[in-house]
Amino acid sequence: MKKLFMLCAFIITHSIFSQSTTKLKVTESAEYKDDIKSIDILTIHTTESGETAIIRNGKHDFLFDIFDKNLKKTFSKVVEAENDEKFVGELFYQNQLKFFTVYAPEKDKRIVYCHTLNLTTKSCSKTTIFETAAEKNQSIFGSERKHKTNFALSPNGDYFAIATDNILKNKNSYTIRVFDSKSEKLIYTKSYQEDEKKTFEFNDLFVDNNGNAFSLGKLYKNGLADKNASGDANYQFVLNKISKDQTSFILIDLENEHINSLSISNNNNELNLIGFYSELNVNRIKGGCTFVINTNDLSIKRKKIQELPKQVYDDLYGYRTAERKNDKKKELRNFDIDYVLRDDTNNVFLVAEEFYITTMYVSTGMYGGGYWQTIYHYDDILILKFNAEGDLVWGRSVYKRATAPSYNAFLKNDQLHIILNSGKNLTEKTDGRTKLSKGWLESTSLYDLEYSNNGEVSYNKIQDNNGNEFYLPFYGTYEGNKFIMMNDGRKKKIFMTLE
């Protein structure tokens with residue numbers, strides 16, 4: 001009787017959600033087989049002519065592949081890696097994919113390599129970019145989740161910059177290296193924010209067409225705690241401008257609010273710094289903030305803060321709970337910025353994902369034994385759209401649950417698309433929410449969440465995964481008006497293209 005009651009309750013509180021088929025054109029490539037098994041895609045890019053370059057991680061090597069516009073393999077090379085040689089970033093321009101790795105031959109020595117995969121000549125080369133000292137086993141690229149932002153390419157493609165940490169026992173120091181993109185020749189090396197007490201936490205990097213580098217991040221006043229003993233913020237956001245001859249910086253502040261995170265978006269001679277703010281602490285979000293920076297004199301032209309729209313809470317909590325949370329101005333937490341996308345009319349889309357880590361004790365049932373398991377949570381998605389003046393036009397969120405990176409985002413015809421896998425049949429709860437996650441014993445489907453200019457969302461199914469290939473949107477790439485992703489097969493490989 002109890003089981004029957006629970007079944008009836010489930011049927012009453014859930015209804016099958018109306019879905020349509022994606023408007024994107026869906027094609028799949030011919031199948032090919034790999035000589036070496038690997039599904040760990042490190043980077044993927046497509047040229048304007050339709051050629052695709054992919055670099056994957058092998059057990060003791062890196063796998064470099066090139067495919068033509070029909071996604072047939074035209075070049076393949078296995079590059080043996082040094083012990084503990086790790087991928088740290090990549091840049092793609094002029095039909096060349098530059099793939100950067102760091103190698104630690106000694107505890108206090110780091111070597112940074114550049115592997116260049118040339119799609120025109122169908123060749124692969126490896127050069128040493130620079131060597132540097134490090135304190136014991138410390139990383140020179142900071143947080144692993146954010147390491148790809150340590151590399152930046154100028155809009156004209158003439159320069160690339162690399163930002164590194166050089167934290168020593170008695171002094172904090174940070175370095176920018178700017179290179180000529182074609183020759184990989186070092187143009188200049190410059191240290192900045194050197195201090196015995198203050199610590200700089202890197203956030204984002206930009207290099208302009210003249211080779212000036214802009215490093216954005218948090219400057220901690222004392223230690224690395226977000227708050228001091230009195231409860232006030234222990235950090236300020238700072239934008240550093242570094243050139244061959246000098247360094248300068250400007251502090252990026254709000255009144256009494258905390259800035260959760262910021263990313264750089266370039267708009268001609270101005271830099272737009274866009275992110276989240278909080279009134280409580282750095283890990284929470286009350287709304288979006290924008291700063292417009294004049295790069296010539298490093299001044300703030302304007303700044304704005306705007307609270308999250310109620311629709312964000314509706315999507316996450318349902319209209320009943322959302323009303324209460326919106327009235328009390330409850331703040332979200334633990335969101336990391338993944339994408340900053342700009343459309344043809346200078347609207348900017350900020351896409352972030354909730355990320356946090358928990359641990360759980362798993363009992364083996366043997367004499368009280370067990371072990372601790374670490375669980376990574378990649379949950380809800382937050383989307384904010386700002387117009388060219390920095391005003392928050394609309395905000396939405398995606399109520400989802402995942403334990404691995406699972407989605408990708410791109411703009412096509414100025415409309416935002418979120419590509420992800422979820423349960424086969426999306427259900428709408430009685431409170432108005434649509435949850436995207438896989439239920440117990442439920443098969444999965446691949447979805448395209450399409451957002452209109454005013455923020456209306458349509459849930460478009462691309463395919464049911466049962467009986468078909470399972471594709472990995474997170475490792476996909478959008479270039480040349482096409483989104484390309486690979487399946488999860490270890491030897492049987494197929495691509496899907498959305499256009």
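The values are calculated or read from the model by the stated rules, or taken from the named source; none is laboratory data. Note that the coordinates shown come from a computational prediction; the quantities given were computed from them, not determined experimentally. Heads up, the Cβs are rebuilt from the backbone with ideal geometry, glycines too, and the neighbour counts pull from every protein chain shown. Note: areas computed on protein heavy atoms with side chains; ligands, DNA, RNA excluded. Shrake-Rupley method; radii C 1.70, N 1.55, O 1.52, S 1.80 Å.
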Problem set entry | Mean accessible surface per residue for the chain, computed with a 1.4 Å probe while every protein chain stays in place, in Å² | 49
Problem set entry | Length added when fully stretched, N268-L341, from 0.36 nm per residue minus Cα-Cα | 24.8 nm
For this session: Pop out the Kirkwood hydrodynamic radius of the stretch 353-410 from its pairwise C-alpha distances, inverse of mean 1/r, in Å to one decimal.
Result: 14.5
Problem set entry | the chain - charge dipole about Cα centre, Lys and Arg +1 at Cβ, Asp and Glu -1, debye rounded to 20 | 980
Exercise. Given only helices, namely DSSP H runs of n ≥ 4 each adding -39500 (n - 2.57), what is the per-residue ellipticity at 222 nm of the chain, to the nearest 500 deg cm²/dmol?
Worked result: -2000 deg cm²/dmol
For this session: Taking just the C-alpha trace of the chain, give me its Rg and Dmax in Å.
Result: 23.7, 79
Exercise. Of L316, F160, G368, which is farthest along the charge dipole of the chain in the positive direction, counting Lys and Arg as +1 and Asp and Glu as -1 at C-beta?
Worked result: G368
Seminar exercise, completed: Computed on Cα atoms, the radius of gyration and Dmax of the stretch 244-288 in angstrom are 13.1, 40
Seminar exercise, completed: Per the rule of 0.36 nm per residue minus the C-alpha distance, extending N210 to S191 adds in nm 5.0 nm
Exercise. Any idea what the dipole of the stretch 437-499 comes to, in debye rounded to 20, about its Cα centre with Lys/Arg Cβ at +1 and Asp/Glu Cβ at -1?
Worked result: 420
